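What follows is a single structure, written as structure tokens, with notes after it.
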Amino acid sequence: MCGIVGYVGNRDAVPVLLQGLRSLEYRGYDSSGVAVHNGANLCVVKRAGRLSALEDALAQREVNGRCGIGHTRWATHGIATDKNAHPFVSSYGKFAVVHNGIVSNYLPIAAFLRERGVSLVSDTDSEVIAHLIDYYYTGDVLSALCRAMSVLKGSFALGVVSVYEPNVIYGVRKDSPLIVGEGNKEFALCSDISGISDFCDRYFPLENDRIVRLAEGGAALFDFTGRTRAFSFQKREREEADDREEGADDMLSEIRQIPASLFLGYESFPSTEVARALNGAKDFLVLGCGSAYHAGLVFCEAMREIAGVHVRAEIASEFLTEKSCITKDTLVIAVSQSGETADTLLAADLAKKSGAKLLAVCNVRASSLTRLADVSLVTRCGRERAVAATKSYVAQVHSLLMICLEYAHISAKITKDQYVFYQRELALLPEKTEEVIRSEPFLEKVALALKDATAVFFLGRKGDYAAAREGSLKLKEVSYLFSEAYPSGELKHGTLALMEGGVYGVIVATDPLLLEKNAATVSEIVCRGASSVVVASESLVSDLPAEYVVAIPDTLPVFSPVLSAIVMQYFAYFAAKARGCDVDKPRNLAKSVTVE
Ligand code: F6R
């Protein structure tokens with residue numbers, strides 16, 4: 001999973017490509033590179049490591065040209081080295097290719113090419129693409145691309161430049177996202193609109209199995225047989241403001257933005273379409289990955305508690321063949337910050353093809369998921385740059401809670417008075433998140449204790465367990481501490497064996513009805529020598545003695561993950577900082593996972 005960008009127009013290509021790559025770095029930051037047509041040759045510069053390494057390399061060289069492609073990599077095949085960085089060039093530098101996705105049959109293609117005398121220099125699945133196009137080239141680039149597409153299997157998006165066509169770039173899409181943008185007598189390709197939004201005010205998402213040819217004079221679209229296809233650019237809709245805090249890590253500034261994003265609310269919720277979708281739903285299935293899946297777990301608890309309805313949440317990558325549980329009355333809610341997560345898109349597509357209606361809860365208005373969905377709720381929390389989901393997770397939970405309330409209301413699962421009561425509680429949440437943010441200095445202190453733990457167990461019951469899962473994911477993802485989430489009641493059935501000195505238990509306890517059980521959990525781990533941190537509602541803390549006690553404002557237990565999540569995000573952030581980790585770009589990860 002990587003980010004690709006391409007440019008052709010009247011400006012110097014390198015700064016435009018670098019700008020695009022800067023916004024795509026969230027898709028991977030193992031290496032980056034560019035290939036620019038300088039009028040005679042393809043100049044390729046690529047470097048392992050962060051984009052700054054490429055910028056340094058480009059500063060040492062004259063790379064001029066008005067047409068080029070660029071790449072930022074998240075390694076899937078081959079470690080992060082210069083050799084495995086994109087773009088890849090064919091023999092004698094005739095074609096250069098950048099690739100996002102996976103070529104599943106690259107091994108037989110590599111063998112085929114080697115038998116014909118081609119030497120491959122990298123360990124990647126991507127390099128074969130450049131050589132294959134070159135192999136099929138007999139005087140027409142488009143025909144060579146079509147021939148190559150008839151052989152390549154997998155899911156991918158490509159950017160291609162060739163020495164034969166000085167001011168032309170090609171984009172190819174087969175199952176991985178690619179946006180075509182138009183500016184002022186200039187065109188661009190990009191894995192998402194953010195990388196080219198500065199100068200492209202018109203765009204269209206490339207459909208599957210299409211090739212786009214972009215030259216200074218215009219754009220042309222083809223299918224994989226080379227037949228011309230119609231297309232039209234659409235005006236780009238405005239995304240939410242990018243309110244980055246100067247000088248702060250993105251993760252920290254995004255946590256601090258949570259109250260503002262909740263205060264901003266949602267455009268006309270529930271829209272007629274959302275209300276209609278909820279009204280027609282007989283059952284629900286939530287799909288998502290990572291934090292988005294955890295938001296779905298909170299929704300399940302809320303639906304059980306408030307509407308008395310059992311809802312399933314599935315990890316999208318596990319939802320592979322289970323069409324049988326879908327009917328035309330199923331409302332599938334696909335949750336995704338980026339709207340580009342391959343596992344979520346595939347699962348949502350499968351569910352839709354099985355007859356379900358698809359509601360997207362997504363933070364990017366113009367994304368693959370919102371295009372696939374019948375109806376979308378855009379979370380509007382602004383661009384999230386740090387790899388770890390923080391404000392987007394809270395916005396997802398908040399919007400799913402609103403969906404739950406609307407459903408309970410529309411389908412008469414609650415009375416009018418109950419609806420008003422829940423609404424009022426929900427409306428108080430943004431203010432309460434401000435209170436949590438104000439406790440930042442104390443949360444930093446607790447995090448400094450956690451940073452030396454040998455393992456951290458996040459424990460809770462029901463909605464608190466859903467929140468604990470998210471807390472654990474956040475900590476391990478950015479601080480690399482070993483961490484696991486566990487339902488408190490299950491501890492004694494095995495995992496309690498791991499409690500000893502050096503281990504921390506973080507017990508999330510927001511439900512007054514479970515107070516005694518939660519107090520018992522704290523005692524169980526403390527008397528085995530483990531240290532304890534309690535994250536509890538204000539009115540419960542006095543009954544939950546622990547080494548560190550974090551009070552969050554009282555709210556309904558099913559709403560409390562909105563608040564407890566922030567506490568655990570701070571734990572993760574400050575523990576990671578204290579351990580010297582790169583909080584915004586944790587090792588081995590990328591913000592948007594566009595491969596299966
Ligand atoms: C964790 C995190 C990931 C994402 C997951 C889904 O902090 O960010 O677990 O939640 O990769 O991404 P989206 O929401 O873009 O589909």
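Observations on the structure shown:
- Spin-label model, D374 to R229: label points 7 Å out along the Cα-to-beta-carbon direction sit 2.5 nm apart.
- Residue-span extension gain [L589 to D349] - 0.36 nm each, minus C-alpha spacing: 83.9 nm
- For the peptides 580-586, 7-13, 411-417, the ranking by packing is 7-13, 580-586, 411-417, with the highest mean count of neighbouring Cβ atoms within 10 Å listed first.
- In this structure, the pairs whose alpha-carbon distance is over 31 Å, taken from K83/K174; K185/K391; K451/K492; K517/K591; K445/K585; K282/K432, are K185/K391; K517/K591; K282/K432.
- Mean Kyte hydropathy of 0.0 or more with a Cα span along the axis of at least 18 Å, helices from DSSP in the chain: 290-302, 391-410, 561-578
- Portion, in percent, of the accessible area of region 238-433 that falls on carbon or sulfur, probe 1.4 Å: 50
- Full-stretch length increase - E207, N38 - with 0.36 nm per residue and alpha-carbon distance subtracted: 57.8 nm
- DSSP-defined beta bridges in the chain - what % are antiparallel, rounded to 5: 60
- Cβ-Cβ FRET estimate between N10 and E435, R0 fixed at 60 Å, reported to 0.05: 0.70
- Taking every alpha-carbon pair under 8 Å whose residues sit at least 6 apart, the chain reaches a relative contact order of 12 percent.
- Solvent-accessible area per residue for the chain (1.4 angstrom probe, square angstrom): 38
- Reach of K235 by Cα under 18 Å, taken over aspartates and glutamates that are not fewer than 8 positions away in the same chain: E182, E186, D192, D198, D201, E207
- Under 17 Å from K352, Cα to Cα: aspartates and glutamates that are on another chain or at least 8 residues apart: D175, E273, D283, E314, E318, E322, D329, E340, D343, D374
- The chain: translational diffusion in µm²/s, Stokes-Einstein, Kirkwood Rh over Cα pairs, 20 °C, 1.002 mPa s: 85
- Additional length obtainable on full extension of the chain from S52 to Q418, 0.36 nm per residue less Cα span: 126.3 nm
- Take the Cβ atoms of F482 and F442, set R0 to 30 Å, and the FRET efficiency comes out at 0.75.
- Nearest-20 debye value, region 461-552 charge dipole, Cβ charges on Lys, Arg, Asp, Glu: 180
- Only Lys, Arg (+1) and Asp, Glu (-1) charged, at Cβ; the chain dipole about Cα centre in debye: 1360
- Highest to lowest packing among 112-122, 466-476, 442-452, scored as the average C-beta count within 10 Å: 466-476, 442-452, 112-122
- Solution diffusion estimate, µm²/s, Stokes-Einstein, region 439-583, Kirkwood Rh from C-alpha pairs, 10 °C, viscosity 1.306 mPa s: 109
- Separation in nanometres of the label points that stand 7 Å from Cα toward Cβ, at N105 and A260: 5.1
- Those trypsin sites (Lys or Arg not before Pro) in region 284-387 that DSSP places in a loop and that have at most 11 other beta carbons within 10 Å: K328
- Region 545-587 and region 410-483 have Cα centres separated by 7 Å.
The values are calculated or read from the model by the stated rules, or taken from the named source; none is laboratory data. What you see is a predicted model, and the numbers here were worked out from it, not measured in a lab. Methodologically, a virtual Cβ is constructed for each residue, glycine included, from the backbone with ideal geometry; neighbour enumeration extends over all protein chains shown. Accessible surface is based on the protein model in full, side chains and every heavy atom, while ligands, DNA and RNA are left aside. Shrake-Rupley method; radii C 1.70, N 1.55, O 1.52, S 1.80 Å.
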